[in-house]
C-alpha cells in the first residue's frame, strides 16, 4: 500500500468520519488516496487551516471521538497551531496530518520548507501544542506511528497529536500491515479508581466539614461524569461551583448549583469557595482566571481551606495550591466510589441557607438588566433572549472577547456538551469555526456561536464553508465596535481615554466603523439579519433556528456595559481591581 493508503485505511478502521483541511502540493498524495475511499470517510475542504482545527476540536468535545485534519507544507500548516493550542490546553483531541517537502529535498531549501535550523522542521513548529509529534521518513513507519498516535491522543488526559508526512512518503509503498485498533486498544481499561484508604480519607474530611464545596472542572466533562457528580452532590448535600470551562451542570438542583468561580463568576460561587473549610476539586487545574490569579481571599483561601484534589493528570495535583489529599484518578470512578461508600452525611443546612441568601443578593443585583429595553442591547438581555430561544439541549459556543465574560457569568447550560468555550489558549475564532464541528457532531441539535465583531472579521470564510456543505449553523455577532475586553483593560489599568488600536474607527474622522456582517453573510449565500432593538432579537433568533440554513444575526450591543464582579484578575505588576459587588465579605 502507498503511505497515503495506509493512513486512510487506518483512519477508516478507527471510525474517523471526517478529514477536514485545506489542499496544497504537500498533501496531494493524501487527497488522491482519500478519493478512492469517499464512501467511508468524508473529506471537507475549508478556506483557512485554523478552521479545520477548530472544527475537529469541537467535534471531539461533543462526541469524544477524534477527527483528523490535513494541511500542506509551510504556511498552510503554520496556520494550524492557533487551533492546536486551543485543543491542547483544554484537553481536546484530534490528529493533525501535515504534508512536507520530499525527503530527497531535505536541507536544500525547496519551496516552503521550514529548514533554516533543522530539516523539514514542522515538528519543531508544532511541538509546544501537541502531546506528541511524529515525522515519518519512510512509508513502513506509518502503521506504528498511527497506532501510537491514537493511543497517545486518547490515553490519560486527551490532547492533539501531530503526524508529519513528506510528499514522497505519501506515494511510496510498503508491505507493513495496517494495525487493527480493536486488537490493540479494546482490552485496555480506561478506569482509574482511588485506593480504598484514600476514599475513606476523602469522606472523613467531608464529614468533618461545616462549609464543604465541590469545585468541578473540565475534567468532569472529559470523564463523562456529570451524572455521577450531580448524584453525589445531591446525596451529600454539598454545593457545587465550577471552573468557567467546567460549566456543565444543567441537571444539578438549583440550590446546589453555584455557577462559575473567578473574575467573571457569580457572587455565591466566589463567596462560598473563599469561605469553605474543605474543597473537593475534580478535574480542575486552578488557572488564574478561575482563581482571581491565586490572590488569597478573593476566590480561594488555600490554606487554611483544606483541599482534596482529584485529577486524571498527576502533574496537576498540588500544582497551584497545596493539597491536603491529592489523588491521581478518573473523577468518574472516584465519584462512584464516594457515592457507594458515603453512608452518613454532614449537616449542611446552615451553610446552604447562607449560600441561598448570597444567591438572592446576586440575583437582585443582576436580574433587572435581563429585561432591559435599552438600545443598543444590554449584554444580559441578549443572553436572556438567546437562552429562551435555544432548546435546553441546544449547543452554545462562545468565542473569545467581552461576550465570553458575560456568558461565563450569565449562561445556564442544559448539560454536558451544551456550552463550549476556548479557555486555556483563548484562541479567537474557536466558536466562529467550531460551530461547524458542532453541527457535524450533533446534526439534529441546534447550535449557535456567539462571536465578537472582531472575531467575525478574522474568519468570515467559515460562513461560506457552512453554505457549501449545507450546515445550518447560526452566528450571533456581538457587535460592540471593537476589541472591547482589551479596551476596558486599557481604561482600567492606564486611565480613561488612553485607548489605542482597540476600538474600530475610521482613521480620518475618528468616527466608529462597523462592517455589515449580515450583508457579508448574504454575499456568501447564507441568511443575514440585523438586530438594533431588544424586541427584534427573539424573532430573529426564531427565524434563524427554524430556517435550516446558515444564518448570521448582527446584534448591536451596548459597548459601555460594565460587568459586575465578585472576584478579580491580576496582570502583575499592575494593581488588580477590587470586586465591585459584595466586597469585602461582611
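The values are calculated or read from the model by the stated rules, or taken from the named source; none is laboratory data. Predicted model, so just to flag it, every value in this text is computed and none were measured. Cβ placement follows ideal geometry from the backbone for every residue including glycine, while neighbour counts extend to all protein chains displayed.
With respect to residue 139, determine if the residue is modelled with pLDDT under 95, surrounded by 19 or more Cβ atoms within 10 Å (Cβ to Cβ) and in contact with a strand residue (DSSP E or B) (Cβ under 8 Å, 6 or more places away or on another chain).
Working: modelled with pLDDT under 95: no; surrounded by 19 or more Cβ atoms within 10 Å (Cβ to Cβ): yes; in contact with a strand residue (DSSP E or B) (Cβ under 8 Å, 6 or more places away or on another chain): yes.
When the stated conditions are applied, residue 139 does not pass them.
Out of (1) touching a helix residue (DSSP H, G or I) at 6+ places or on another chain (Cβ under 7 Å); (2) buried (at least 19 other Cβ atoms within 10 Å of the Cβ); (3) in a loop (DSSP other than H, G, I, E, B), the odd one out for residue 210 is which?
(2)
Kindly check whether there is at least one residue in segment 544-557 that is free of Cβ contacts under 8 Å to residues at least 40 places away in the same chain and more than 17 Å from residue 390 (Cα to Cα). Give the steps one after another, and end with the answer.
So in segment 544-557, the residues free of Cβ contacts under 8 Å to residues at least 40 places away in the same chain come out as 546.
Next, only the ones that are more than 17 Å from residue 390 (Cα to Cα) stay: none.
Checked segment 544-557: no residue is free of Cβ contacts under 8 Å to residues at least 40 places away in the same chain and more than 17 Å from residue 390 (Cα to Cα).
Looking at segment 131-190, which of its residues are assigned to a loop (DSSP other than H, G, I, E, B) and under 22 Å from residue 1 (Cα atoms)? Spell out the reasoning first.
At the first step, the residues of segment 131-190 found to be assigned to a loop (DSSP other than H, G, I, E, B) are 131, 136-138, 155-160, 172, 174-180, 186-190.
Once the filter is applied, which keeps residues that are assigned to a loop (DSSP other than H, G, I, E, B) and under 22 Å from residue 1 (Cα atoms), segment 131-190 yields 136, 137, 138, 172, 174, 175, 176, 177, 178, 179, 180.
Mind listing whichever residues of segment 295-311 are in contact with a strand residue (DSSP E or B) (Cβ under 7 Å, 6 or more places away or on another chain) and surrounded by fewer than 22 Cβ atoms within 10 Å (Cβ to Cβ)?
305, 306
Tally the residues that are in contact with a helix residue (DSSP H, G or I) (Cβ under 7 Å, 6 or more places away or on another chain), part of a helix (DSSP H, G or I) and surrounded by fewer than 24 Cβ atoms within 10 Å (Cβ to Cβ), restricting the search to segment 1-22.
3
Of the residues that make up segment 156-168, is at least one surrounded by fewer than 24 Cβ atoms within 10 Å (Cβ to Cβ), at pLDDT below 95 and in contact with a helix residue (DSSP H, G or I) (Cβ under 9 Å, 6 or more places away or on another chain)?
yes
The conditions are (1) touching a residue at least 60 places away in the same chain (Cβ under 8 Å); (2) surrounded by fewer than 16 Cβ atoms within 10 Å (Cβ to Cβ); (3) assigned to a loop (DSSP other than H, G, I, E, B), and residue 570 fails exactly one of them. Which is it?
Here residue 570 meets the rest and fails (2).
Quick one: which of 520, 458, 524, 432 is within 30 Å of residue 93 (Cα to Cα) and surrounded by fewer than 21 Cβ atoms within 10 Å (Cβ to Cβ)?
Values: 520 fails: within 30 Å of residue 93 (Cα to Cα); 524 fails: within 30 Å of residue 93 (Cα to Cα); 432 fails: surrounded by fewer than 21 Cβ atoms within 10 Å (Cβ to Cβ).
458 is the lone residue from the list that is within 30 Å of residue 93 (Cα to Cα) and surrounded by fewer than 21 Cβ atoms within 10 Å (Cβ to Cβ).
Any residue in segment 543-553 that is within 16 Å of residue 377 (Cα to Cα) and modelled with pLDDT of 95 or more?
Kept after step one, since they are within 16 Å of residue 377 (Cα to Cα), are these residues of segment 543-553: 553.
Checking the rest, the ones that are also modelled with pLDDT of 95 or more come to 553.
So far as segment 543-553 goes, yes, one or more of its residues are within 16 Å of residue 377 (Cα to Cα) and modelled with pLDDT of 95 or more.
Mind telling me which of the residues 521, 508, 544, 538 ends up being under 18 Å from residue 478 (Cα atoms), out of contact with any strand residue (DSSP E or B) (no Cβ under 9 Å at 6 or more places or on another chain) and not in a strand (DSSP E or B)?
Values: 521 fails: out of contact with any strand residue (DSSP E or B) (no Cβ under 9 Å at 6 or more places or on another chain); 508 fails: under 18 Å from residue 478 (Cα atoms); 544 fails: out of contact with any strand residue (DSSP E or B) (no Cβ under 9 Å at 6 or more places or on another chain).
Selected residue: 538, the only one of 521, 508, 544, 538 that is under 18 Å from residue 478 (Cα atoms), out of contact with any strand residue (DSSP E or B) (no Cβ under 9 Å at 6 or more places or on another chain) and not in a strand (DSSP E or B).
Return only the number of the condition from (1) surrounded by fewer than 16 Cβ atoms within 10 Å (Cβ to Cβ); (2) over 21 Å from the mean Cα position of the chain (by Cα) that residue 392 does not satisfy.
(2)
Among the residues in segment 372-380, are any under 21 Å from residue 264 (Cβ atoms), in a helix (DSSP H, G or I) and assigned by TED's automatic domain parsing to the domain that holds residue 480?
yes
I'd like the full set of residues that are farther than 18 Å from residue 201 by Cβ, free of Cβ contacts under 8 Å to residues at least 12 places away in the same chain and within 26 Å of the chain's Cα centre (by Cα), limited to segment 272-325.
Correct list: 315 only.
Suppose the filter is under 29 Å from the mean Cα position of the chain (by Cα), assigned by TED's automatic domain parsing to the domain that holds residue 231 and within 14 Å of residue 195 (Cα to Cα); does residue 328 pass it? Explain how you work it out, then say what you get.
Details: under 29 Å from the mean Cα position of the chain (by Cα): yes; assigned by TED's automatic domain parsing to the domain that holds residue 231: yes; within 14 Å of residue 195 (Cα to Cα): yes.
In short, yes.
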